[in-house]
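What follows draws every value from the coordinates through simple rules; no lab data is involved. Everything quoted here is computed from the prediction, not taken from an experiment. Because the Cβ atoms are built from the backbone with ideal geometry, glycine has one as well, and the counts that use them run over all protein chains shown.
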Amino acid sequence: MVLTGGNHGDEYEGPIALMKLSRALDAKDINGQVIIIPALNYPAVLAGCRVSPIDGVNMNRAFPGKRDGTVSSMIAHFVHQKILPLADAVLDIHSGGKTMMFSPFACYHRIPDAAVMEKAKKAVLAFAAPVSLELVELDAEGMIDTAVEDMGKIFIGCELGGGGTTTTGTVSIAETGIRNLLAHFEIISEQPRSLEERGLPATRLMHMPDSDCYVISDDDGIYEALVDLNSSINIDDAIGQVHFPEKPERPPVVYRAARAGSLIGRTHKALVESGDFLALIAAEM
Ligand SMILES: [Zn+2]
């Protein structure tokens, strides 16, 4: 199994949990092989930025990479050529970074290969995040996710919080989830620890099937969220509004939900720009 964090350099649950895991795991207890990359985009992690400060490249748009490209593209190429072929399954740990905040979830993609998708779904359930999400990516080109899935391997993703920091809760979800996956794939001889046996509510099975799940800004201005994370949403509910400080007399533009569900992500920015994600809505399955 390959475990990656720091794909985006301002998301910290992955690097923290994976550095801890690398010190805690004993090679003699491992059945198979575990490859741990706590800081996939190392220059970005050192700089605390989403993208590399060297070439400005988003690592999760750099796959499959280029041997003689910029540094991010070369890292992606090395991982694609030398690391991913060794794996049966890959976990890539994300959070919202400085710009987004998520209700913690683990996810798998809706992919054409039903057998691999079922294995990814089972792995996501073993991870045991508060939400288990089936996702259709709006733009899957260049992602490590897509590279792994194109190789016919199991990909598990997660988004565990955000705001450019961590909480005890989000780090704990990462640590437990990683061990649960290693146990699920019988790489370590433990049983996955379910939410129920830890006295927590069962995971919520949700999905984001189409572009109606994404509320995207058409405006530049100050964002006022009108609903909080995990709120249940009805179709046409006001999600938030953008104010215009240059024209205080102008009424704000209200953004409404195109579908019903639950608010699973929101912008962490107050000053938003056209094209920014304002909110993400997931529906119960
Ligand atoms: Zn990320």
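Here are the numbers:
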{"quantity": "For the chain, radius of gyration divided by Kirkwood radius, i.e. Rg to Rh on alpha-carbons", "calculated": "0.98"}
{"quantity": "Between helix 168-184 and the chain: long-axis angle, C-alpha atoms, 0 to 90°, nearest 10", "calculated": "40"}
{"quantity": "Cα Rg over Rh - region 211-284, Kirkwood", "calculated": "0.97"}
{"quantity": "Dipole magnitude of the chain, debye to nearest 20 (Cβ charges: Lys/Arg +1, Asp/Glu -1, about Cα centre)", "calculated": "740"}
{"quantity": "Helix 13-24 axis, angle to the chain major axis (alpha carbon atoms, nearest 10°)", "calculated": "20"}
{"quantity": "Over region 197-285, relative contact order from alpha-carbon pairs under 8 Å, at least 6 apart, %", "calculated": "39"}
{"quantity": "Ascending count of other beta-carbon atoms within 10 Å, so fewest first, for E249, E118", "calculated": "E249, E118"}
{"quantity": "Environment charge of G32, counting only residues whose C-beta is closer than 9 Å and scoring Lys/Arg +1, Asp/Glu -1", "calculated": "-2"}
{"quantity": "In region 1-78, trypsin sites (Lys or Arg not before Pro) in a DSSP loop with at most 16 other beta-carbon atoms within 10 Å", "calculated": "K66, R67"}
{"quantity": "Between 0 and 90°, nearest 10: helix 114-127 axis offset from the chain longest Cα axis", "calculated": "90"}
{"quantity": "Residue-count net charge about A258 - beta-carbon cut-off 11 Å; Lys, Arg +1, Asp, Glu -1", "calculated": "-2"}
{"quantity": "Residue (of Q241, A257, T176) at the positive-pole extreme of region 147-285, dipole from beta-carbon charges", "calculated": "T176"}
{"quantity": "Selected from A257, A129, A106 as most flexible by GNM, with the chain as the system and alpha-carbon contacts under 10 Å", "calculated": "A257"}
{"quantity": "Among L182, L86, L135: highest mean-square fluctuation, GNM of the chain, C-alpha pairs under 10 Å", "calculated": "L86"}
{"quantity": "Distance between modelled label sites at K20 and D218, nm, 7 Å Cα→Cβ extension", "calculated": "4.5"}
{"quantity": "Vicinal HN-Hα couplings computed from phi for region 49-61 (Karplus, 6.51 cos²θ - 1.76 cosθ + 1.60; Hz; Gly/Pro x)", "calculated": "10, 4, 10, 5, x, 7, 10, x, 8, 7, 4, 7, 10"}
{"quantity": "The chain: relative contact order as a whole-number percent, Cα under 8 Å and 6+ apart", "calculated": "18"}
{"quantity": "Theoretical gain in end-to-end length, A283 to D88 [0.36 nm per residue, Cα-Cα removed]", "calculated": "67.2 nm"}
{"quantity": "Radius 11 Å from Cβ of T99, net charge of other residues (Lys, Arg +1; Asp, Glu -1)", "calculated": "0"}
{"quantity": "Inter-centroid distance (Cα atoms) of region 25-73 relative to region 119-184, Å", "calculated": "16"}
{"quantity": "Top of M59, M206, M74 by mean-square fluctuation, Gaussian network on the chain, Cα under 10 Å", "calculated": "M74"}
